[in-house]
Every structure is written in C-alpha cells, then in structure tokens.
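Presented below is the structure to which this report refers.
The values are calculated or read from the model by the stated rules, or taken from the named source; none is laboratory data. All values derive from a computational prediction rather than experimental measurement. Note: ideal-geometry Cβ built from the backbone for every residue, glycine included; neighbour counts use all protein chains shown. Heavy atoms of the whole protein, side chains included, go into the accessibility calculation; ligands, DNA and RNA do not. Shrake-Rupley method; radii C 1.70, N 1.55, O 1.52, S 1.80 Å.
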Amino acid sequence: MVYLILGDGEIQEGQVWEMALFAAHRKLSNLIAFVDYNHVQLDGYTDDICSWGCEREVESFGWFAQDVDGHDVEAVAQAVKN
C-alpha cells in the first residue's frame with residue numbers, strides 16, 4: 001500500500017490533482033490519501049484564500065472518499081479497512 005498525507009492548502013496545487021486523475025485513470029487500488037482538512041494553510045485560512053469541497057472534488061475523479069476524525073485512531077483504522 002502507498003499512503004499519501006496531504007494538507008488542505010497543499011491539495012490546491014495542480015500536481016496533486018494531476019496525480020489524483022492519473023491514479024483514478026490507472027485504477028490504482030493500492031493508494032490511500034489522507035487529507036488534513038483543518039481549513040488552515042501556510043498563509044491563512046482556506047476559506048479566505050480558496051474555498052472548496054474536498055470530498056466532492058476527490059469523488060468526481062472516481063476516488064472513494066470518507067470524512068473521518070483524524071484524532072480517533074480507531075476511526076482512521078476503520079476508514080483504511082473500508
């Protein structure tokens with residue numbers, strides 16, 4: 001398995017979306033991405049800079065997306081199993 005850890009500011013970068021589209025197109029089944037969706041990026045709040053719906057965007061590329069409390073280890077483990 002390959003695990004990606006991305007921030008919600010970082011995921012606004014074009015190369016991240018190119019990777020997501022490539023992975024979906026190639027039907028990579030060994031790739032799991034975690035997004036730290038805390039609404040904060042390097043220079044401010046994401047809502048002030050570039051607001052977007054993370055889960056909807058990822059699903060539009062054919063990815064399976066879940067909203068999970070990253071502080072709940074059991075919920076994260078269950079999400080990985082899903």
Qualifying positions in segment 1-14 - in a strand (DSSP E or B) and open to solvent by 90 Å² or more (accessible area, probe 1.4 Å) = TYR3, ILE5
Selected residue (criterion: nearest to ASN30 (Cα to Cα)) from residues of segment 67-82 that are open to solvent by less than 70 Å² (accessible area, probe 1.4 Å) and of a type in the set (A, V, I, L, M, F, W, C) | VAL80
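Table: residues versus (1) closer than 19 Å to MET1 by Cα; (2) in contact (Cβ under 8 Å) with a residue 40 or more places away in the chain; (3) among the charged types (D, E, K, R); (4) not in a loop (DSSP other than H, G, I, E, B).
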residue: VAL16; (1), (2), (3), (4): yes, no, no, yes
residue: ALA20; (1), (2), (3), (4): yes, yes, no, yes
residue: ALA33; (1), (2), (3), (4): yes, no, no, yes
residue: GLY62; (1), (2), (3), (4): yes, no, no, no
Could you check how many residues of segment 15-42 are on the phi > 0 side of the Ramachandran plot and surrounded by 10 or more Cβ atoms within 10 Å (Cβ to Cβ)?
-> 1
SER29, sole failed condition from (1) over 10 Å from the mean Cα position of the chain (by Cα); (2) assigned to a helix (DSSP H, G or I) | (2)
Within segment 35-60, considering residues that are under 12 Å from the mean Cα position of the chain (by Cα) and assigned to a helix (DSSP H, G or I), the one nearest to GLY9 (Cα to Cα) = CYS54
